[in-house]
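J.: This structure is in structure tokens; I'll ask about it shortly.
Quick note: the coordinates plus some simple rules give every number you see, no bench work behind them. Only a predicted model underlies this, so the values are computations on that prediction, with no experimental measurement involved. Ideal geometry is used to build each Cβ from the backbone, glycine not excepted, and the neighbour counts take in all protein chains shown.
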Amino acid sequence: MKDFLQILLVGIGDGAVYAMLGLGLVVIYRSTGLLNFAQGEMAMFSTFIVWTMWSLGLPMWLAILGGMAGGFCVGALVHQVAVRPVGDPHEKPLAVVIVTIGLFLGVNGAAQLIWGTLDRSMPPLFGRGQVTVFGVAVAWQKIGAVIVLGVMVLLFYLLFQHTKLGLAMRAVASNSESASLVGIPVPRLLMLGWGLAAAVGTVAGVFIAPNLGLGTNLMQLTLIFGFAAITLGGFDSLVGAVVGGFVVGALSSVMPRYITIFEKMPLAPAFILILAVLLFRPEGLFGKKQVTRV
Amino acid sequence: MSNTVTAGASVHRSPGDWALKVAPWVVLFVILAIVPFQFPSFRVEQFCFWMTLAIAACGLNLLTGYNGQISVGHGALFGIGAYTTGILITEFGVPLFGATVASAVVCFAAGILIGLPALRIKGLYLALVTLAVATLFPLLLEQFSAITGGSGGLQITSPQLYRGEMRERPIRLESPVAGLENDQWKYFVFLGITVVIFILSRNLIKSRVGRSLVAVRDNEVAAESSGIPVSQVKIVTFGLSAAIAGIGGSLFALDQGQLYPSSFTIVLSIYILVAVVVGGAASIIGPAIGAVFYGLFSDVIVQQMPDRIQPARAVILGVLLILLMLLAPGGIVGGFRTLQAKWSARRSSTHSSGLAVTGPSVTGPPAAGPEVTA
Amino acid sequence: MSSAGDGVSSAGDGVSSAGHLLEVKTLGAGYGIVEVLFGVDLVVDQGEVVVVLGANGAGKTTTLRAISGMIAATGQVTFLGESVLGRRPDQLVKRGMAHVPQGRGTVTSLTVEENLRIGAFVRSDEQIESDIEQWFEAFPRLGERRDQLAGSMSGGEQQMLAIARALMSRPKLLLLDEPSLGLAPLVTHEVFDRLREISTSTGTAVLLVEQNANLALDFAARAYVLEAGRIVLSGNAADLQGDAAIQKAYLGV
């Protein structure tokens, strides 16, 4: 039991990070209807920005803010030059998939060009200490991840529910034509959404990098976990991303421990989850039912 | 696109036109026949790899280009073909090309299996599922290391007569023809298989079955109501596409002689997709052109660059893909057809010049293509 | 609703040399390769209510969409003395042109109140809150449902909300696309009554597009008749109402 609880808590800590990446994916899906396969690479890139600033001697928190700002710019730029011109994702899925895959390659290659192929080490944001609760040891880093996720969710809630900008972003996500007709500059808001998503991804990267080592393939597995989280939660639900993140984190931690066939592939439960949800409940737990277009 | 254009040309078919149509193919085959004698052995080996990629891309094109189902996971099917071949030869002593046939069958079954959920999962979401498959595949290989050799790799061996006794030795494709080096022999065998597969694909697409593929892609509801069994078409297409990709993988295994999970990551899936899109989705020859493009790019051009900036190859490919989607979504073949259509429209500009150009695209790719001519 | 008109400038300032609020010349537009409009000319003056009549497919909706920048167009569109062809809809809202599209175009996943609030996106003055409250007084049914999702309301209520939302931007010109579409006759009459009140009290000019000619000619001061992408007739609403040909073609007499 203690063993189980231990593993579960580790999973929930990981889940918080998947949820962070998921939040970014949801923001992009809601505003542009697009599954951004390059989200993980963008997060990796901005995590390298954090690392660079930190290794130049900046305090970690400042480096993270810098990385988020850098990520924001990358996200906004990517939307302007690559995503917006290609058109509606649901009318031209192939073109959009190819563009995000092009981004995947491009951002990954750019990171290799700038930072090389060696893994860098990054210190855990909340140190290497741990605390014992009911006889179960929990790393501060995991607790920190949950807290940071909580803060991010709160900020998102305030933004979307209590600011004019957030209201406008919701209007754009719901009906961009209507939004444009009340005077909302839709392209600029979409750009903002992409920037925001990339900035959020930075934080996810900062939490993962100390575990995996900061390399250019940092986020390739994590991205699938993030997608599993939002598939379960519903592609357009921020709450869903959080709940989905925790569930995926827990499953991916617990199942490989007890089911030997998953031993070397914690990704497998996440994959089965994606498949099962898309087959039997495509809108996920909290998402809106998709209207199929004929 | 091609249909409207060729239909226009076939109205006044003359011997001259026929010669014009056949001549490029004759030239192409002559070049293909000379090539292995003109290049050093390591190049010929590379050409063999390009052909396996072209075959896989041909399979993906049936699925994505003609049937509109997006797969970002064909690297995994390629890998299943490769490992099936390796295991059958090493563990069960199956003859080399017998293993290729068996791999095609296994991959057909695997494709059907993946195709089942694809009946309900479409577009971006299917891309997501197949992306997950591609990411999962190398991990699967490591999980089942007892039969795949895991990250240590799988050495493909077969019993061979060596110094008077039968021994397990690494497989080799040996030339039975005097005057042909082993690599040249392999080249021609692969070329033969590649050409047959492309011709069979072409015939399939031109047949009634092929038209139903395209009909399902363009409008499922309309296809259904005109009596096309949409579900069957989609599943069988997935199976066929997988089988073809599996043949590519099988040849890859025969070519390499050893297999490692790191060869079958998401990156391989992306390169197969790159070959399809760059060459031109929904054109028969497009994937072959795309594979050659990719081969030239990564085996020739990139090798000329200084080591330090070699990662730039990913950047260049990425930027190229995006530019392609924005400027010429029909790929190389699509761009060529547009030019051709413009040219012939100008030539016959006296009456209804725009007809061939603006007609609804019949064979254009589902999402990316039609804008080329619009 | 007088205060909603506070922001409306008096006639005369910012108006083009000819004195028109909106001046459209040789407007052409279409979808892809299908041309729909072939040179539409029309004007709307400050505070004036103008209707464009026409059968289904005549190009009424396309005319409005071309004017408000929702689709690409050719020709000339002058609004408040400035050429605005090629501007995006959101840029035109800033200049004082609000468009209520066909099918109502509320943001269905926002609440009623949020819809009104988003309607004031281009404003940053202090009166937004009081404007919202005044709309709720004017339309008690919207007030009762202020925290309900717009998508959950009836067609008539959504139409009211769409109009109110457009007016929240305090426009000088309101483009209205078939407000009667899909509404019961009684509800339609109510919508038009409200519209008349608002227009007279705030001095907002209205360019209305309608199939229901009887209703529209009662409401408007002037009218244009659109046929196959061209203006074929124009004049005072009263004159057109008396015109035998119009009676026959559009009024079903």
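J.: Going by C-beta contacts inside 10 Å, put A:132, C:74 in order with the fewest on the left.
T.: Fewest-to-most Cβ neighbours within 10 Å comes out as A:132, C:74.
J.: What helices does chain B hold that run 27 Å or longer along their axis, going by alpha-carbon atoms, with a Kyte-Doolittle average of 1.0 or more, using DSSP H for the helix calls?
T.: B:15-38, B:41-60, B:96-118, B:123-143, B:230-256
J.: What does the helix-only formula give at 222 nm for the protein assembly as shown: each DSSP H stretch with n ≥ 4 adding -39500 (n - 2.57), the total divided by the residues, and the result rounded to the nearest 500 deg cm²/dmol?
T.: After summing the helix terms and dividing by residue count, I get -19500 deg cm²/dmol.
J.: Say R0 is 51 Å: what FRET efficiency, to the nearest 0.05, do residue C:245 and residue B:340 get from their beta-carbon distance?
T.: Given R0 = 51 Å and the Cβ-Cβ separation, E is 0.45.
J.: Which whole-number percent gives the relative contact order of chain B, counting Cα pairs below 8 Å spaced six or more residues apart?
T.: Once normalised by length, the contact order is 30 percent.
J.: Please list A:196-205, C:34-43, A:269-278, A:120-129 highest first by mean number of surrounding beta-carbon atoms within 10 Å per residue.
T.: Put in order of decreasing packing, that is A:196-205, A:269-278, C:34-43, A:120-129.
J.: Could you work out the per residue convex hull volume over the alpha carbons of the protein assembly as shown, in cubic angstrom?
T.: About 212 Å³ per residue, rounded to a whole number.
J.: Treat each spin label as a single point 7 Å out from the Cα along the C-beta direction, and report the residue A:151 to residue B:112 distance in nm.
T.: So the two model labels end up 5.5 nm from each other.
J.: When only DSSP loop residues count, what GluC sites (Glu not before Pro) in the stretch C:126-210 have their Cβ near at most 11 other Cβ atoms within 10 Å?
T.: C:126
J.: Next up: Charges only on Cβ, +1 for Lys and Arg, -1 for Asp and Glu: so what's the dipole of chain C about the Cα centre, in debye to the nearest 20?
T.: Result for chain C is approximately 640 debye, rounded to the nearest 20.
J.: Ok, one more. Let's see if you can work this out: charge +1 on each Lys and Arg Cβ, -1 on each Asp and Glu Cβ, no other charges. What is the dipole magnitude of chain B about its Cα centre, in debye to the nearest 20?
T.: For this selection, approximately 960 debye.
J.: Other chains near A:110-118: what is the mean number of their Cβ atoms within 10 Å of each residue's Cβ?
T.: Other-chain Cβ atoms within 10 Å of each residue's Cβ, averaged: 3.
J.: Tell me, in nm to one decimal, what length is gained between residue C:221 and residue C:129 on full extension, where the rule is 0.36 nm per residue of separation less the Cα-Cα distance?
T.: This chain segment gains 29.9 nm when fully extended.
J.: Hey, another quick one. Positive end of the dipole of chain A, charges at C-beta (+1 Lys, Arg; -1 Asp, Glu), about the Cα centre: which of A:242, A:227, A:158 has its Cα farthest in that direction?
T.: Farthest towards the positive pole: A:158.
J.: Mind checking the angle between helix A:267-280 and chain A's longest principal axis? C-alpha axes, 0 to 90 degrees, to the nearest 10.
T.: Orientation of helix A:267-280: about 40 degrees from the principal axis.
J.: Among B:90, A:260, what is the fewest-to-most ranking by other Cβ atoms within 10 Å?
T.: A:260, B:90
J.: Which of the aspartates and glutamates could a cross-linker bridge to residue B:234, judged by Cα under 14 Å and excluding same-chain residues fewer than eight apart?
T.: Candidates past the 8-residue exclusion: B:218, B:220, B:224.
J.: Give, rounded to the nearest 20 debye, the magnitude of the charge dipole that the stretch A:2-280 has about its Cα centre when Lys and Arg contribute +1 at Cβ and Asp and Glu contribute -1 at Cβ.
T.: Roughly 300 debye for the stretch A:2-280.
J.: Separation between the residue B:144 and residue B:300 pseudo-spin-labels, each 7 Å from Cα along Cα→Cβ, expressed in nm?
T.: Inter-label distance under the simple model: 3.9 nm.
J.: Taking other Cβ within 10 Å of each residue's Cβ, how do B:74, C:20, A:79 sort, fewest first?
T.: C:20, A:79, B:74
J.: Evaluate the relative contact order of the stretch A:2-280 (contact order divided by residue number), counting alpha-carbon pairs under 8 angstrom at least 6 apart; express in whole percent.
T.: 37 percent
J.: Across peptide B:160-168, how many C-beta atoms of other chains are within 10 Å of each residue C-beta, on average?
T.: 0
J.: Along the charge dipole of chain A, pointing to its positive end and built from +1/-1 on Cβ of Lys, Arg, Asp and Glu, which listed residue (A:31, A:12, A:93) has its Cα farthest out?
T.: A:31
J.: Let me ask something else. Grab the alpha carbons of chain B, take their convex hull, and tell me the volume per residue in Å³.
T.: Each residue corresponds to 163 Å³ of Cα convex hull volume.
J.: In the protein assembly as shown, what percentage of the DSSP-assigned beta bridges are antiparallel, given to the nearest 5?
T.: Rounded to the nearest five, the antiparallel share is 65 percent.
J.: What does the average come to when, for each residue of peptide A:221-227, you count the partner chain Cβ atoms lying within 10 Å of its Cβ?
T.: Mean shielding by partner chains, rounded to a whole number: 3.
J.: So which chymotrypsin sites (Phe, Trp or Tyr not before Pro) in the stretch B:8-91 pass both tests, a DSSP loop state and at most 13 other Cβ atoms within 10 Å of the Cβ?
T.: Here no loop site has a sparse enough neighbourhood.
J.: Same structure, new question: What nm distance separates the two modelled labels at residue B:230 and residue C:141, each placed 7 Å from Cα along Cα→Cβ?
T.: For the pair residue B:230/residue C:141, the computed spacing is 3.8 nm.
J.: Mind checking the full-extension length gain between residue C:91 and residue C:148? Use 0.36 nm per residue of separation minus the Cα-Cα distance, one decimal, nm.
T.: Separation in residues times 0.36 nm, less the Cα-Cα distance, equals 17.6 nm.
J.: Also: So what is the relative contact order for the stretch B:101-188, in percent, with contacts set as C-alpha pairs under 8 Å and at least six apart?
T.: Across the stretch B:101-188, relative contact order equals 11 percent.
J.: In whole angstrom, how long is each semi-axis of the equivalent ellipsoid of chain C, when you take the square root of 5 times every eigenvalue of its Cα gyration tensor and sort them from largest down?
T.: 27, 21, 18
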